[in-house]
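The values are calculated or read from the model by the stated rules, or taken from the named source; none is laboratory data. As the structure is a computational prediction, the values presented were derived from the model and not from experiment. For neighbour counting, all protein chains shown are included, and Cβ atoms are generated from backbone atoms with ideal geometry for every residue, glycine included.
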Amino acid sequence: MKTISAFVFGATVGAVIALLFAPKSGSELRNQIGDETAADRMRMQEGYAHAVQGTHDRIDKMHADLQSLMKQNKDQEASIVVEEDSVVVEEEAEPTAE
């Protein structure tokens, strides 16, 4: 008798604990999953938009840096040509000693 009463008591306590910790009903659980999914989707879209904007910003900066370097290179080439032309002009201007 003692064993049977212990079994019934244990089963009763287990049933009460199971009811207390039971998951929500099916519709409540689906609603919660839907809400969490929508929130996760929104966070992912915001993260994606932020990453895309950061990528565009980096591309724009690289483009501006490249344009600046190309202009500097062009200016350096022009100054080298001017220096070479002035050396040629100076050589032509020197009188030849005969």
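Pairing each residue of the range 11-32 that is of a type in the set (A, V, I, L, M) with any residue that is assigned to a loop (DSSP other than H, G, I, E, B), provided the two are 6+ apart or on different chains, yields C-beta distances under 9 Å for LEU29/PRO23. Any residue at all in the range 62-81 that is at pLDDT below 75 and β-branched (Val, Ile, Thr)? The answer is yes; a qualifying residue exists.
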